Amino acid sequence: MVKRDLYRNILIGLIIVAVLSILRLFVLEPIRIHNNNMSPILPKKTQVFAIKRTQLDNLDLVAYRHNGKKYVGRIIGTPGQSVVAMDNIVYVNQKILKEPYIKVNQTAYLKTHDEEFTTDFRQDKLGKDSYWILNDARDVQDDSRKFGPIPKKDILGELKFKYAPISDFGFVENDEAKIENGFENQ
């Protein structure tokens with residue numbers, strides 16, 4: 001009786017480990033936020049799951065890899081779009097991008113600095129499977145302004161669910177800007 005229970009428990013444990021391994025390999029990528037580049041939506045020390053192999057759209061929050069290091073950011077431009085920033089205003093296909101998610105960071109930055117919050121850049125028509133990704137804290141330029149367009153193969157997944165700290169447990173809220181810009185039904 002004891003031997004049978006032991007074998008059953010070992011088998012259940014192996015099945016659980018196999019299922020979690022498959023999820024980790026093919027569905028989820030755990031990401032720990034190490035800086036405030038995406039605050040207030042994703043502050044430092046937040047832990048999130050990136051969902052792999054999702055359809056990527058404008059304003060999605062994503063994790064990506066560049067030169068072996070992981071970063072998080074917001075997709076501003078998708079394949080075929082042009083992205084330009086002038087005088088702290090970002091344009092996607094010559095239309096002003098409404099960015100309510102940067103207001104807190106921008107206001108705090110401009111109180112203590114005279115230079116632009118979003119440095120000027122120009123990216124004409126993104127290539128196939130290339131994305132323009134920016135931080136919400138635009139004073140930190142570890143994003144497409146420094147790295148150039150990010151290839152789809154380097155994007156680890158879309159940031160969808162916060163699992164730590166436990167007080168922030170739940171889905172990542174990111175719909176306001178998409179609706180405001182008309183990207184919610186793409």
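The values are calculated or read from the model by the stated rules, or taken from the named source; none is laboratory data. What you see is a predicted model, and the numbers here were worked out from it, not measured in a lab. All Cβ positions, glycine included, derive from the backbone under ideal geometry; neighbour counts span all protein chains shown. The accessibility values were calculated without ligands, DNA or RNA, using every heavy atom of the protein model including side chains. Shrake-Rupley method; radii C 1.70, N 1.55, O 1.52, S 1.80 Å.
For the stretch 121-186, trypsin sites (Lys or Arg not before Pro) meeting the loop criterion (DSSP other than H, G, I, E, B) and having at most 10 other Cβ atoms within 10 Å: Lys128.
For Ser130, the shell of other residues with beta-carbons less than 11 Å away shows a net charge of +2, using +1 for Lys and Arg and -1 for Asp and Glu.
The residues of the stretch 1-138 have, on average, 58 Å² of accessible surface per residue, using a 1.4 Å probe with all protein chains present.
Over the chain, DSSP H runs of length four or greater, each weighted -39,500 (n - 2.57), average out per residue to a 222 nm ellipticity of -7500 deg cm²/dmol. Here, P(r) means the percent of Cα pairs in each 10 Å bin from 0 to the largest distance; for the stretch 1-88 it is 13, 30, 26, 14, 10, 4, 2, 0. Against the chain, whose longest principal axis is taken from its Cα atoms, helix 2-26 shows a tilt of about 20°. Taking a straight Cα-Cα cut-off under 19 Å and skipping sequence neighbours fewer than 8 places away in the same chain, the lysines within cross-link reach of Lys98 are Lys178.
With K and R counted +1 and D and E -1, the other residues having a Cβ less than 11 Å from that of Arg53 yield a net charge of 0.
Build a GNM of the chain with springs between Cα atoms under 10 Å apart, and of Leu20, Leu156, Leu42 the one that fluctuates most is Leu20. Recomputing Cα extents along the principal axes in Å from the coordinates shown identifies the correct label among (i) 75, 37, 33; (ii) 52, 31, 29; (iii) 38, 38, 34 as (i). The stretch between Asp114 and Asn67, if pulled fully straight at 0.36 nm per residue, gains 13.7 nm over its current Cα-Cα span.
Computed on the stretch 34-186, with alpha-carbon pairs under 8 angstrom and 6+ residues apart, the relative contact order is 32 percent. Other residues lying with their Cβ under 14 Å from the Cβ of His66 contribute a combined charge of +4, Lys and Arg counting +1, Asp and Glu -1. Treating the angle as unsigned and between 0 and 90°, give the value, to the nearest 10°, between the Cα long axis of helix 103-112 and the longest Cα principal axis of the chain. Helix 103-112 and the main axis of the chain meet at about 60 degrees. In a GNM of the chain with a 10 Å cut-off on Cα contacts, which of His34, His66, His113 has the highest mean-square fluctuation? Residue with maximal mean-square fluctuation among His34, His66, His113: His113.
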